[in-house]
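A.B. asks: Got a structure here, written out as C-alpha cells. Questions coming.
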Amino acid sequence: LLQAMEINYDYVNKRVSAVGSVQVYHRGSTLEADRVIYDEATKRLHAEGNVRLTDDRGQITYGELMNLSDDFRDGFVDSLRLDGADQTRIAATRADRTGGGFSVFQSGVYTACGPCKDDPRKPPLWQVKAARIIHDSGEKMIYFENAQLEFFGQPVAYFPFFSTPDPTVKRKTGFLYPYGLYDSKYGFGAQVPYYWAIAPDYDVTFTPRIM
C-alpha cells in the first residue's frame, strides 16, 4: 500500500514517483519519506528526505537516503540512526542489509544508554565506537571490529574484535553491559559484570570493580 500527496506513474520507464508525506506499508513494516521512487524493473525503492523505516518488531531506522528491495529485506542506508524496541541505539555513516537479517554498519556507534535528559547532545554513560558493526539477526549476535569502549565520551579500552549477543537474547554466558559508579572514598570507577548461565534453572553473576 502506497500513500502520498502526489503519485505519478512513468509508463515508459515503469517507475512510480510519490512526493509529500509518503507512506509505504508492507507486511507489518512502514516506510515514510518526503519522496519515494519505485522502479518496477529492478524492484527497488529509493527513498529520500526524513526517511523513517519501522519494521514489524518495532525497530526504527532513520536516514536521509535509503535504497531498498521492494520487500524491505535488502538495501543500504546513508547517515543512519537505528532505535531498537529495547532502547538500544546504533548510528553509522552507512549501513548495508542483505538476506533480510544480516546488517553491516560502517563507522558505527552502539549504546544501550538513553540520551541525557538535560542535554541530549552529551555523550551517553557508555558507548562502543567501531570501524564496523555487524548484526546477524539469525545468530542473534553483534560483532565489532576495531572498537573502543568509551565512558562519558572518554575512551577506556580498545578491542580489535569482540562480539556480544544482541539485546533480544535474555540468557547467555558472557559479559553484561558495564556501568559507571562513584564513591566518595574510592572515586570514579566501572563495574563489568560477567554472567554464567550454568543450567536452565540457575546461574551466577560475578562483578569485578575497576577503580
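A.B. asks: Would you look at the GNM of the chain, springs on alpha carbons closer than 10 Å, and say which of Pro200, Pro167, Pro178 moves the most?
C.D. replies: Answer for the Gaussian network model of the chain: Pro200.
A.B. asks: Shifting gears a bit: Can you tell me the accessible area per residue over the chain, all protein chains present, probe 1.4 angstrom, in square angstrom? Intermediate values should be presented prior to the final figure.
C.D. replies: Details: 12600 Å² over 211 residues.
About 60 Å² of surface per residue is accessible.
A.B. asks: For Leu65, Leu82, give the ranking by accessible area with the largest first, probe 1.4 Å. Please list the in-between numbers first.
C.D. replies: Working: Leu65 45, Leu82 20 Å².
These residues rank, largest area first, as Leu65, Leu82.
A.B. asks: For the chain, what is the number of Lys pairs with C-alpha distance below 30 angstrom, counting only pairs 8 or more positions apart or on separate chains?
C.D. replies: Total qualifying Lys-Lys pairs in the chain comes to 13.
A.B. asks: Calculate the translational D of region 109-169 in whole µm² s⁻¹ from Stokes-Einstein, where the hydrodynamic radius comes from the Kirkwood formula applied to all Cα pairs, the temperature is 10 °C and the viscosity 1.306 mPa s. Don't jump to the answer; show the numbers that get you there.
C.D. replies: Values: Rh = 12.3 Å.
In µm²/s, the coefficient rounds to 129.
A.B. asks: Follow-up question, since we're still on this one. Using a Gaussian network for the chain with springs between C-alpha atoms less than 10 Å apart, which of these wobbles most: Phe76, Phe102, Phe162?
C.D. replies: Of Phe76, Phe102, Phe162, the most mobile in the Gaussian network model is Phe162.
A.B. asks: Turning to a different aspect of this structure: Using a 1.4 Å probe on the protein chains only, how many percent of the accessible area of the chain belongs to carbon and sulfur? List each step's numbers first, then the result.
C.D. replies: Working: 6780 of 12600 Å².
Exposed carbon and sulfur together represent 54 percent of the surface.
A.B. asks: Using a ≥ b ≥ c from the Cα gyration tensor of region 140-197 (square roots of the eigenvalues), is it rounded, prolate or oblate, where a/c under 1.5 gives rounded and otherwise the larger of a/b and b/c decides, a/b for prolate? Please list the in-between numbers first.
C.D. replies: Values: a/c = 2.77, a/b = 1.41, b/c = 1.96.
Oblate.
A.B. asks: Restricting attention to region 126-188, which GluC sites (Glu not before Pro) occupy a DSSP loop and are surrounded by at most 16 other Cβ atoms within 10 Å? Could the numbers behind the result be given before it?
C.D. replies: Working: sites: Glu139, Glu145, Glu150; in loops: Glu139.
Taking region 126-188 and a limit of 16 other Cβ atoms within 10 Å, the loop GluC sites (Glu not before Pro) found are Glu139.
A.B. asks: Whole percent per 10 Å bin, from 0 to the bin with the longest distance: what is P(r) over all C-alpha pairs of the chain?
C.D. replies: P(r) over the chain, rounded to whole percents: 8, 29, 30, 19, 10, 4, 1, 0.
A.B. asks: I need to check one value: relative contact order of the chain, counting alpha carbon pairs closer than 8 Å and at least 6 residues apart, in percent.
C.D. replies: Working: 520 pairs, mean separation 17.8, N = 211.
Dividing the mean separation by the residue count of the chain yields 8 percent.
A.B. asks: Identify, among Thr205, Ser163, Thr93, the residue whose Cα sits farthest towards the positive end of the charge dipole of the chain, taking +1 on the Cβ of Lys and Arg and -1 on the Cβ of Asp and Glu, with the dipole about the Cα centre.
C.D. replies: Thr205
A.B. asks: Can you give the accessible area of Thr164, probe radius 1.4 Å, in Å² rounded to 10?
C.D. replies: 30
A.B. asks: Take the alpha-carbon centre of region 163-211, take the same for region 125-145, and report the distance between them in whole Å.
C.D. replies: 18
A.B. asks: Would you list Met141, Met66, Met211 from the most to the least accessible area, probe 1.4 Å?
C.D. replies: On the way: Met141 25, Met66 0, Met211 105 Å².
Largest to smallest exposure gives the sequence Met211, Met141, Met66.
A.B. asks: Can you list which of the trypsin sites (Lys or Arg not before Pro) found in region 26-135 are DSSP loop residues with at most 15 other C-beta atoms within 10 Å?
C.D. replies: Values: sites: Arg27, Arg35, Lys43, Arg44, Arg52, Arg57, Arg73, Arg81, Arg89, Arg94, Arg97, Lys117, Arg121, Lys129, Arg132; in loops: Arg27, Lys43, Arg57, Arg73, Lys117, Arg121.
Taking region 26-135 and a limit of 15 other Cβ atoms within 10 Å, the loop trypsin sites (Lys or Arg not before Pro) found are Arg27, Lys43, Arg57, Arg73, Lys117, Arg121.
A.B. asks: In Å, the Kirkwood hydrodynamic radius of region 85-203 over pairs of distinct alpha carbons? Don't skip to the end; give the middle numbers.
C.D. replies: Numbers: mean 1/r = 0.0638 Å⁻¹.
For region 85-203, inverting the mean 1/r across all distinct Cα pairs yields 15.7 Å.
A.B. asks: Another question, then. Taking N as the number of residues in region 1-120, what value does Rg over Cα atoms divided by 2.2 N^0.38 Å take? Don't skip to the end; give the middle numbers.
C.D. replies: Numbers: Rg = 15.0 Å, N = 120, 2.2 N^0.38 = 13.6 Å.
Against the empirical 2.2 N^0.38 Å value, I get 1.11 for region 1-120.
A.B. asks: Ile198 accessible area, nearest 10 Å², 1.4 Å probe?
C.D. replies: Surface accessible to solvent at Ile198 totals approximately 70 Å².
A.B. asks: Could you sort Tyr11, Tyr110 by accessible area so the largest value comes first, with the probe set to 1.4 Å?
C.D. replies: Values: Tyr11 175, Tyr110 10 Å².
Ranked from most to least accessible, the order is Tyr11, Tyr110.
A.B. asks: Measuring from label point to label point, each 7 Å out along Cα→Cβ, what is the Lys43 to Asp83 span in nm?
C.D. replies: 3.2
A.B. asks: Between Val12, Ser184, Thr54, whose Cα lies farthest towards the positive end of the dipole of the chain when Lys and Arg beta carbons carry +1 and Asp and Glu beta carbons carry -1, centred on the Cα centre?
C.D. replies: With unit charges placed on the Cβ atoms, the residue in question is Ser184.
A.B. asks: If you place +1 on the Cβ of every Lys and Arg and -1 on the Cβ of every Asp and Glu, how big does the dipole about the Cα centre of region 4-116 come out, in debye to the nearest 20? Don't skip to the answer; put the middle values down first.
C.D. replies: Values: 13 positive and 17 negative charges, 37 e Å.
With only Lys, Arg, Asp and Glu charged at Cβ, the dipole is about 180 debye.
A.B. asks: Next question, about the same structure. Looking at region 24-65, what % of the alpha carbon pairs are farther apart than 14 Å?
C.D. replies: Numbers: 414 of 861 pairs.
Everything past 14 Å amounts to 48 percent.
The values are calculated or read from the model by the stated rules, or taken from the named source; none is laboratory data. Here the structure is a predicted model, which is why all the values come from computation and not from measurement. Neighbour counts run over all protein chains shown; Cβ positions are idealised from the backbone, glycine included. For accessibility, only protein heavy atoms count, side chains too; no ligands or nucleic acids. Shrake-Rupley method; radii C 1.70, N 1.55, O 1.52, S 1.80 Å.
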